[in-house]
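A.B. asks: A single structure is presented below for examination.
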Amino acid sequence: VDASTDRIGIRDAAPESLFNIKSTTTNALTDVGNPANYHLRLEGSETTNQGTGLAFGGDNEVGASLIFKAKGAKSQGELQFYTKDSTSDNADPEQRMVITNDGKVGIGENGQSYPFDPDALLEIYGVTTQLKLSYDSNDYTTFTVGSDGDLTIQTVDTGTNNADFTVVADGAVDIDANAGALSLDGSAGINIGTETDVAIDIDSANMTVDVSGV
């Protein structure tokens with residue numbers, strides 16, 4: 001304890017923050033598999049489901065850890081978040097999130113890519129729904145990317161089934177299907193040009209209108 005600054009240091013006689021833990025262990029920044037090298041470890045148990053620790057080697061060891069780890073050159077580093085439960089197939093934890101030194105955030109599963117290396121400011125990696133925005137448990141929208149890169153946006157309102165999808169743009173809205181077809185389908189109808197005196201321009205060599213009953 002530094003009485004002159006009211007700072008607490010563990011293995012640090014001159015702490016630079018209010019609470020500082022300093023380790024000079026050889027592999028403290030790189031050896032994720034050795035809990036003895038961690039700067040801080042908070043551990044709970046399977047029965048109480050408490051704590052945020054990381055344990056290895058036992059079926060009843062559960063928890064999580066936030067680890068600073070060197071990446072490539074020693075001048076680079078990242079924060080890695082791991083979790084483990086008693087049902088894991090091996091003793092090692094699963095990497096769930098990483099914050100890289102250049103500000104990128106990756107959220108995903110260890111089995112997808114290890115070590116997880118996001119190539120955008122935010123990358124969510126998974127084989128199921130990657131993003132869910134919820135108003136409550138009944139009203140939400142999900143974003144799912146499939147194995148072929150297709151994106152499905154699904155709105156859900158279990159109460160009144162009025163989960164509309166609205167795009168409001170302060171400018172033009174361009175939808176380009178590239179080499180594929182562009183399909184519009186609505187059970188209540190398809191409305192084009194609902195504003196007053198809106199021009200409808202169809203630029204095509206051929207146009208087919210198929211209307212049943214009219």
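A.B. asks: Just to make sure I understand: if all protein chains stay in place, what is the order of Lys104, Lys22 by accessible area at 1.4 Å, largest first?
C.D. replies: Values: Lys104 50, Lys22 100 Å².
Result of the area sort, largest leading: Lys22, Lys104.
A.B. asks: Ile124 to Met207: FRET efficiency via 1/(1 + (r/R0)^6), r the Cβ-Cβ distance, R0 35 Å, to the nearest 0.05? List each step's numbers first, then the result.
C.D. replies: On the way: r = 41 Å, r/R0 = 1.18.
Here the calculated transfer efficiency is 0.25.
A.B. asks: Ok, one more. With labels modelled as points extended 7 Å from the Cα through the Cβ direction, what inter-label distance (nm, one decimal) is found for Asp176 paired with Ala188?
C.D. replies: Once both label points are built, they end up 3.2 nm from each other.
A.B. asks: Using Cα pairs closer than 8 Å and at least 6 residues apart in sequence, work out the relative contact order for the range 90-214, in percent. Before the final figure, lay out the partial values.
C.D. replies: On the way: 120 pairs, mean separation 13.2, N = 125.
This gives 11 percent for the range 90-214.
A.B. asks: Roll a 1.4 Å probe over the protein heavy atoms and report the accessible area of Ile192 in Å², nearest 10.
C.D. replies: Answer for Ile192: close to 110 Å² accessible.
A.B. asks: Rounding to the nearest 20 debye, state how big the charge dipole of the range 171-214 is about its Cα centre with +1 on each Lys and Arg Cβ and -1 on each Asp and Glu Cβ.
C.D. replies: Numbers: 0 positive and 8 negative charges, 34 e Å.
For the range 171-214, the charge dipole is close to 160 debye.
A.B. asks: Sorted from largest to smallest, which semi-axis lengths in Å does the alpha carbon gyration tensor of the range 139-214 give for its equivalent ellipsoid, taking the root of 5 times each eigenvalue? Please list the in-between numbers first.
C.D. replies: Numbers: eigenvalues 142, 75, 53 Å².
Equivalent-ellipsoid dimensions as semi-axes: 27, 19, 16 Å.
The values are calculated or read from the model by the stated rules, or taken from the named source; none is laboratory data. Note that the structure is a prediction, hence the values are computed from the model and not measured. Here the Cβ is made from the backbone with ideal geometry for all residues, glycine too, and neighbour counts use every protein chain on show. These area figures cover heavy atoms from the full protein model, side chains too; ligands, DNA and RNA do not enter into them. Shrake-Rupley method; radii C 1.70, N 1.55, O 1.52, S 1.80 Å.
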